[in-house]
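Step one of this worksheet: look at the structure below.
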Amino acid sequence: MKHKTKYIFVTGGVISALGKGIVSASLGMLLKSRGLKVTIQKFDPYINLDPGTMSPYQHGEVYVTEDGAETDLDLGHYERFLGVNMTRKNNITTGQIYNNVIQKERNGDYHGVTVQVIPHITDEIKSFITDLPQNENFDVVITEIGGTVGDIESLPFLEAIRQFALEQGKDNTMFIHLTLVPWISAASELKTKPTQHSVQKLREIGIIPDVLICRTPKKSLTKTIKSKIALFCNVDKDNVIECYDTDSIYKVPLILRGEKLDKTVTERLKIKCHEAILDEWNTFVDKISTPNFHVKIGVVGKYVKLPDAYKSILEAFFHAGVENSAKVEVKLIDSEKITSENAKSYLLNLDGILVPGGFDIRGVEGKIETIRFARENKVPFFGICLGLQCASIEFARNVCNIKNATSGEFQPKSRSKVIDLMEEQKSVKKLGGTMRLGSYLCTLTEGTKTYKSYGKDIVTERHRHRYEFSNQFREIFEANGMVFSGIWEEQNLVEIIELKNHPWFVATQFHPELKSRVINCHPLFRDFVKAAVVFSQSKNGNPEKD
Ligand code: GLN
């Protein structure tokens, strides 16, 4: 018998930022824990082909997949919660849909008809729902529709999923709508009207939600309120589910499980499967609230006003903290403020320093001063992408005596470019999707800290950059104590550097944060946090109880 995939669509109403990504990821995780093969897809209604060219302040972090797609940061949640890799087909934008349709029109594929939103755009959207990697026979595909119901931009997506559900049949598709039930303190009451209006909007479009997930500030959705919502919104009262605010996103699956979301979904879609097995997840969540140590890590970058710009780094610290029984307090520090004179005042109380990825020269001198402080004072240091490039410049200037050391990104004409453009990047003119992107092999050098962390010879890690370490400087760096502990052998490119005479000074050209998972935290983050715990103990004499 042909494998029948079931489709769940997640929409959002009332306001944005209710956490559709976390709810979709949590539902996916619960279904996976019932033995089902699950994937999650996100449709984004904006016109950019992908978020790769957007400023982090517009969009937060750009999440890179194994196959090199620049995607929405929700895909990071999907990977972290599910522990499986997404692909470029898991994030589709309006721009991609229109791009495809216009290409087809130019090729004459529509045989002379007028090309319209219905059916051509909606058909294109529908084709993406089923066009996930062929060999994967999924039991369940969850599709999150970005934006808020009522937005003009998301209408074609909603129309497409309405048609799709009709074509696939009721047993194979369902709609989950996430709404807000706000607490109005003057009236001492939860208010259901915004939810009623949002569901009305959906029903105008022809979508009748099967399940409502109501965000509330604290556990407070009584049976009476649930019944009221059910009556006004034409939803079964057992299918009105509360999702209250919590201190960790990793508790959301357990809250939804408590509300029987996974049971409701599997019964509604007639899926045969076992009960959820959540032992590992429960152990992780239990450990969150009982740390033995407390460390302060400074993330010194330039997008500090929007923590979402560093989403995966913050999550990787969380995973590594749980693994080390440590509460990791991350301080985002603006690198533009740091100078050689004041570095100490910003950095003195930290137990570890991370310099993250970034683009262009703004804030770079502050990052270099920060790295100098970490190197000279033996504070655990972790550099990521631009962080490795700045660490190389700092080492060249202050240890190897190459006074004008820089990167081709900042001074293309300099003769001391320890970091420079890759040969194949020199002719690239277009910005979108043209960096070194996605997964590459990295061979590790035995006997190094990195080798010890990973515990293997070859790893794969994800990239997003144009510039690389210039090999002509390798010899002088090595002679001065720098160790090249990871190499992409095929092109002989430096992937990881570390220092010998330092407790933990490691920098990577790739982005390890993209591969840290709840159940499988990244080894470099794990060992960096471990080094920070050791450093804080050595400063304080004793482990600091949280
Ligand atoms: N701007 C640098 C480059 O393109 C670093 C990029 C990054 O940190 N992601 O190589």
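The values are calculated or read from the model by the stated rules, or taken from the named source; none is laboratory data. In this text, all values refer to a predicted model and were calculated from it rather than measured experimentally. Methodologically, a virtual Cβ is constructed for each residue, glycine included, from the backbone with ideal geometry; neighbour enumeration extends over all protein chains shown. Quick note on the areas: whole protein, heavy atoms, side chains included, nothing else; ligands and nucleic acids left out. Shrake-Rupley method; radii C 1.70, N 1.55, O 1.52, S 1.80 Å.
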- prompt: Any number yet on Rg/Rh for the chain, C-alpha, Kirkwood?
  reply: 1.00
message: Taking 8 Å as the Cα distance limit and 6 or more residues as the minimum spacing, I'd like the relative contact order of the chain as a percentage.
response: 15
field: Cleavage-rule hits, trypsin sites (Lys or Arg not before Pro), segment 239-290, DSSP coil, Cβ neighbours within 10 Å at most 12
entry: K270, K272
message: Amide H of K331 versus every other amide H placed in the peptide plane: which residues, excluding those fewer than 5 positions away on the same chain, fall under 5 Å?
response: I297, G298, V299
- request: Compute the accessible area per residue over segment 375-461, keeping the other protein chains in place, probe 1.4 Å, unit Å².
  value: 48
query: Can you pull out the trypsin sites (Lys or Arg not before Pro) in segment 289-388 that DSSP calls coil and that have at most 16 other Cβ atoms within 10 Å?
result: K305, R362, K378
query: About its Cα centre, how strong a charge dipole does the chain have in debye, to the nearest 20, once Lys and Arg get +1 and Asp and Glu get -1 at the Cβ?
result: 900
- line: Long-range amide H partners of T173, meaning residues 5 or more apart or on another chain whose placed amide H is closer than 5 Å, are Y7
query: Using the Karplus equation 6.51 cos²θ - 1.76 cosθ + 1.60 (θ = phi - 60°), what ³J(HN,Hα) coupling, rounded to whole Hz, does each residue of segment 507-520 give in order, writing x for Gly and Pro?
result: 9, 10, 6, 8, 10, x, 4, 6, 10, 7, 10, 4, 8, 8
query: Along segment 253-266, what does the Karplus equation 6.51 cos²θ - 1.76 cosθ + 1.60 (θ = phi - 60°) give for ³J(HN,Hα), rounded to whole Hz, x for Gly and Pro?
result: x, 6, 5, 5, 5, x, 8, 6, 4, 5, 5, 4, 5, 5
- prompt: Looking at Q196, F138, V115, which one has the Cα that reaches farthest to the positive end of the dipole of segment 99-235 (charges on Cβ: Lys, Arg +1; Asp, Glu -1)?
  reply: Q196
- prompt: Round to a whole number: what % of the accessible area of the chain belongs to carbon and sulfur, probe 1.4 Å?
  reply: 50
- request: Give me the percent of DSSP beta bridges within the chain that run antiparallel, rounded to the nearest 5.
  value: 35
query: In the structure shown, do any of K170/K226; K367/K530; K296/K530; K89/K201; K305/K337; K6/K104 have a Cα-Cα gap over 20 Å, and if so which?
result: K170/K226; K367/K530; K89/K201; K6/K104
- prompt: Taking amide H positions as placed 1.01 Å from N in the peptide plane, with prolines and chain starts having none, which residues 5 or more places from Q41, or on another chain, fall under 5 Å of its amide H?
  reply: I142, T143, E144
statement: Everything considered on the Cα gyration tensor (a ≥ b ≥ c; rounded for a/c under 1.5, else prolate if a/b is larger than b/c, else oblate), segment 147-282 must be described as oblate
- line: The local net charge around R362, scoring Lys/Arg +1 and Asp/Glu -1 for residues other than R362 whose Cβ lies under 9 Å from its Cβ, equals -1
Sites matching trypsin sites (Lys or Arg not before Pro) across segment 424-491 that sit in DSSP coil, with at most 15 neighbouring C-beta atoms within 10 Å: K426, K429, K430, K456
message: Given bins 5 angstrom wide, list per bin the percent of all Cα-Cα distances in segment 313-443, short to long.
response: 2, 9, 16, 20, 18, 15, 11, 6, 2, 0
Segment 1-96, accessible area per residue, ligands and nucleic acids excluded (1.4 Å, Å²): 31
message: Please compute the contact order of segment 1-120 in relative form: average sequence separation of alpha-carbon pairs under 8 Å and at least six residues apart, divided by the residue count, as a percent.
response: 25
query: Under a 1.4 Å probe, what is the accessible area of segment 291-362 per residue, stated in Å²?
result: 41
message: If the only charges are +1 at each Lys and Arg Cβ and -1 at each Asp and Glu Cβ, what is the size of the charge dipole of segment 497-537 around the Cα centre, to the nearest 20 debye?
response: 100
statement: The simple spin-label model distance between N377 and F232, using points 7 Å out along Cα→Cβ, in nm, is 5.6
task: Of the options T224, C273, P291, report the single residue whose Cα projects farthest towards the positive end of the charge dipole of the chain (beta-carbon charges: Lys, Arg +1; Asp, Glu -1).
output: T224
3J(HN,Hα) from dihedral phi, segment 278-285, Karplus parametrisation 6.51/-1.76/1.60, rounded to Hz, x for glycine, proline: 10, 4, 5, 5, 4, 4, 4, 5
